[in-house]
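Undergrad: Following this message is one structure expressed as structure tokens.
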Amino acid sequence: MIDVQDLTKQYAGRTAVDRLTFQVEPGQIVGFLGPNGAGKSTTMRILSGYMPPTSGRATVNGHDVFHESIEVRRSIGYMPEMAPLYTEMRVKEYLRFRGELKGLSGRALRHRVGEVMELCTVTDVRRRLIGHLSKGFRQRVALADALLHKPPLLILDEPTNGLDPVQIRQVRELLRSLKPAHTILLSTHILQEVEAVCDRVLMIHHGRILANDTPEKLTRQLRAASVVQIEMQAKGNDVLTKLEALPNVRKATEESEEDGWRMITLRVEAKQDVREPLMDLALKQNWKLRELHRQLPTLEDVFVELASSDRAK
Amino acid sequence: MRLLWVLFKKELRAFFVSPVAYVVLALVMVLSGYSFRAALSILERGPSEGSIVQWMFQPNWFWLSYFFVFPLLTMRLFAEEKKMGTFETLFTTPVHTWQVVLSKYLAAVVVYSVLWLPSYLNFHFVDWITAGQIEIPPGSLQGSYLILLAMGLFNLSIGCFASALTSNQIIAAVISFTASLLHFLGGLFIMVLGRKVSETFVDIISYFASMEHIRTFTSGLIDTRPIVYYTSLALLFLALTHQVLEFRRWKP
């Protein structure tokens, strides 16, 4: 559906997108993950035909983004950051206008407008001026607009920006329901979003791709250490030393103590599981254990590690 | 073509939903109403060498106030979309830039035409009231409104161009007002300086001088040369507007 080769975008003195290469298969939901200023919005603007790349190629649904801009725009539903809308129009009339722009008309248009308003739960405000809507509603109107002509590809720039948790969940469910008829490329800097919704993750930083994989594989490959937390009761001052003596334990630190129960954090070598030898040690030493919990690295850890190693290069 | 109509409908609606169109309409009605009354009072004083049409449209102060209309109508057209970021949602639909430019321009032209309707009705009303006694030279009404339309086409296109140059509506208004006024006053001053400057220079400038065109048309003479002049300049500035938008978007 999307094929990007060596895409570059330079502004005066700054490279926003640096030789990006990736593909998006039809029917997938792919997440662009990166901090602000990483090049996510710029890439999306290039893909939706709004601005040209400095060099490189991109094709959407078989059409080149620069040479066949009109065809590309026909296959795309784009939702920009900050949902810029015409504030003097009402919701329903705005959606009607947008539908006409995208080639719908007559009864099909009216029906479809009603449908997307239901999908994005903006039916109740359909007669309200967009200028009088809260950010969350405007965001959903923009999303409804993107869905109008049932485009094969949706490009959504921070679709849950400004929504409350209930709305966020609704939008995520909506996005999941759009598979496989639609392909979705969304950008975000919220990691749970990616974990919850996306099939693949494209981590981007300083205009370059740091990682391109499924969320599970990425977290599994993490080179960072994992962390085990125990809450225990033990007599003696050598608990920490004994813990550190366990194989694969890098460091044991006591975080806090309450009523005799000590909270200890162990940093463990990557991909090693010390929970069993830990239990054996605890039984042998007659320690009382109240909690034993392994914290798996999250996507955030992956990202921070990749981003910092990238900076070190 | 269909898209042009869709965009045009929306732009026209946007004009009449905002207070701007009504404020401008009120301004123009005050202006033309006052001019009309002044013209009538000149005729009341005794027989004169001009018709009511000429007396309405020839005083200079009428034209100097006239130029406020253009910035007010056009300043928001492109500058607002640029500032609010709505070009991004617009240009990610399958529309061509020329459709956007033309739809906004045509909506402004339609609104401008509506502005002059009341004054046109004034003449017919006075004609009816005086049972035809008032002298309206043949062709002078049509001529006057034709030159108004032609000048409107030209100045609205300048306004569109100014609006496309910036995201600040005030700056767009100032640029548009200055350019329109400079064009008008330039022609006026050269004609006034007539004695001091060479004959040929004055002859050349008379082709561009709006006041000359106005004098011709309001006396009932329809000269196609100014019509061509204004419409071709309008096309030029529309093309320039289109280029400005395209250039901004397609900068590599």
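Readers should treat all values here as calculations from the given coordinates under stated rules, not as data from a laboratory. All of these numbers come straight from a predicted model, not from anything done at the bench. Note that each Cβ is placed from the backbone with ideal geometry, even for glycine, and that neighbours are counted across all protein chains shown.
Undergrad: Over its Cα atoms, what ratio of radius of gyration to 2.2 N^0.38 Å does the range B:162-250 give? Please report the intermediate quantities before stating the final value.
TA: Values: Rg = 16.3 Å, N = 89, 2.2 N^0.38 = 12.1 Å.
Normalised Cα radius of gyration, the range B:162-250: 1.35.
Undergrad: Would you list which lysines come within 27 Å of B:Lys104, measuring only between C-alpha atoms, while excluding same-chain residues fewer than 8 positions from it?
TA: Those lysines meeting the cut-off are A:Lys92, A:Lys102, B:Lys9, B:Lys10, B:Lys82, B:Lys83, B:Lys251.
Undergrad: Another question, then. Which listed residue (A:Gly260, A:His67, A:Ile184) has the Cα farthest towards the positive end of the charge dipole for chain A, taking +1 on Lys and Arg C-beta and -1 on Asp and Glu C-beta about the Cα centre?
TA: A:His67
Undergrad: While we're here: For the range A:226-296, what is the charge dipole size about the Cα centre, in debye to the nearest 20, if Lys and Arg each add +1 at the Cβ and Asp and Glu each add -1 at the Cβ? List each step's numbers first, then the result.
TA: On the way: 12 positive and 13 negative charges, 45 e Å.
Dipole about the Cα centre, nearest 20: 220 debye.
Undergrad: Could you let me know the centre-to-centre spacing of the range A:136-156 and the range A:71-108, using Cα atoms, in angstrom?
TA: Cα centroid to Cα centroid, the span is 8 Å.
Undergrad: Here's another thing I want to ask about it. Out of all Cα-Cα pairs in the range B:2-250, roughly what percent, to the nearest whole number, are more than 27 Å apart? The partial results should precede the final answer.
TA: Working: 12561 of 30876 pairs.
For the range B:2-250, the fraction of Cα-Cα distances above 27 Å is 41 percent.
Undergrad: Using the 10 angstrom Cβ neighbour count as an exposure proxy, how do A:Glu244, A:Glu71 rank, fewest first? Please report the intermediate quantities before stating the final value.
TA: Details: A:Glu244 14, A:Glu71 17.
The order, fewest Cβ neighbours first, is A:Glu244, A:Glu71.
Undergrad: Quick check on the exposure proxy: order A:Glu115, A:Glu276, B:Glu81, B:Glu11 from fewest to most C-beta atoms within 10 angstrom. Let's see the in-between values first.
TA: On the way: A:Glu115 15, A:Glu276 8, B:Glu81 23, B:Glu11 19.
The order, fewest Cβ neighbours first, is A:Glu276, A:Glu115, B:Glu11, B:Glu81.
Undergrad: Using only the alpha carbons, work out the radius of gyration and Dmax of the range A:226-296 in angstrom.
TA: 11.0, 33
Undergrad: Quick one, can you get me the convex hull of the C-alpha atoms of the protein assembly as shown expressed as volume per residue in Å³?
TA: Numbers: hull volume 124.7 nm³, N = 565.
Per-residue hull volume (Cα only) is 221 Å³.
Undergrad: Could you check how many percent of all C-alpha pairs in the range B:1-104 are farther apart than 16 Å? Before the final figure, lay out the partial values.
TA: On the way: 3648 of 5356 pairs.
Result for the distance tail: 68 percent.
Undergrad: On to the next question. When DSSP beta bridges are limited to those with both residues in the protein assembly as shown, what percentage is antiparallel, rounded to the nearest 5?
TA: So the antiparallel bridges amount to about 70 percent of the total.
Undergrad: Then there's this: Cα centroids of the range B:33-63 and the range A:171-192: how far apart, whole angstrom?
TA: Using only Cα atoms, the two centres lie 69 Å from each other.
Undergrad: Counting only DSSP beta bridges with both residues in the range A:2-220, tell me the antiparallel percent, nearest 5.
TA: Details: 20 of 38 bridges.
So the antiparallel bridges amount to about 55 percent of the total.
Undergrad: Between the range A:1-63 and the range B:113-185, how far is it from one alpha carbon centroid to the other, in angstrom?
TA: 48
Undergrad: Need one value for B:88-101: mean number of C-beta atoms belonging to other chains within 10 Å of its residues' C-beta atoms. Walk me through the numbers on the way to the answer.
TA: Details: counts 11, 13, 5, 8, 16, 16, 13, 4, 2, 0, 0, 1, 0, 0.
What the average comes to for B:88-101 is 6.
Undergrad: Here is a follow-up. Among A:Asp145, A:Asp301, B:Asp223, which comes first, second and so on when ranked by fewest other beta-carbon atoms within 10 Å? Display every interim value, and only then the final one.
TA: Working: A:Asp145 27, A:Asp301 19, B:Asp223 14.
Lowest count first: B:Asp223, A:Asp301, A:Asp145.
Undergrad: Counting Lys and Arg as +1 and Asp and Glu as -1, each charge on the Cβ, what is the dipole of chain A about the Cα centre in debye, to the nearest 20?
TA: Working: 46 positive and 41 negative charges, 209 e Å.
Result for chain A is approximately 1000 debye, rounded to the nearest 20.
Undergrad: Take peptide A:97-103, look around each residue's Cβ out to 10 angstrom, count Cβ atoms belonging to other protein chains, and average those counts.
TA: Working: counts 5, 5, 1, 8, 11, 5, 5.
Per residue, the average neighbour count from other chains is 6.
Undergrad: State to the nearest 20 debye the size of the charge dipole of the range B:2-250 about its Cα centre, where the only charges are +1 on K and R beta carbons and -1 on D and E beta carbons. Each step should come with its number before you reach the end.
TA: Numbers: 16 positive and 13 negative charges, 142 e Å.
For the range B:2-250, the charge dipole is close to 680 debye.
Undergrad: Can I ask one more? Give the lysines whose C-alpha is closer than 30 Å to that of A:Lys284, dropping any in the same chain fewer than 8 places away, or say none.
TA: Here the lysines satisfying the reach criterion relative to A:Lys284 are A:Lys235, A:Lys242, A:Lys251, A:Lys271.
Undergrad: Rounded to the nearest 500 deg cm²/dmol, what is the calculated helix-only ellipticity per residue at 222 nm for the protein assembly as shown, with -39500 (n - 2.57) per DSSP H run of length n ≥ 4?
TA: Details: 24 runs with 315 residues, N = 565.
When only DSSP H runs of four or more count, the value is -17500 deg cm²/dmol.
Undergrad: Additional query: I need the Kirkwood Rh of the range A:2-220: take the reciprocal of the average 1/r across all distinct C-alpha pairs and report it in angstrom. Each step should come with its number before you reach the end.
TA: Details: mean 1/r = 0.0566 Å⁻¹.
One over the average 1/r among Cα pairs gives 17.7 Å for the range A:2-220.
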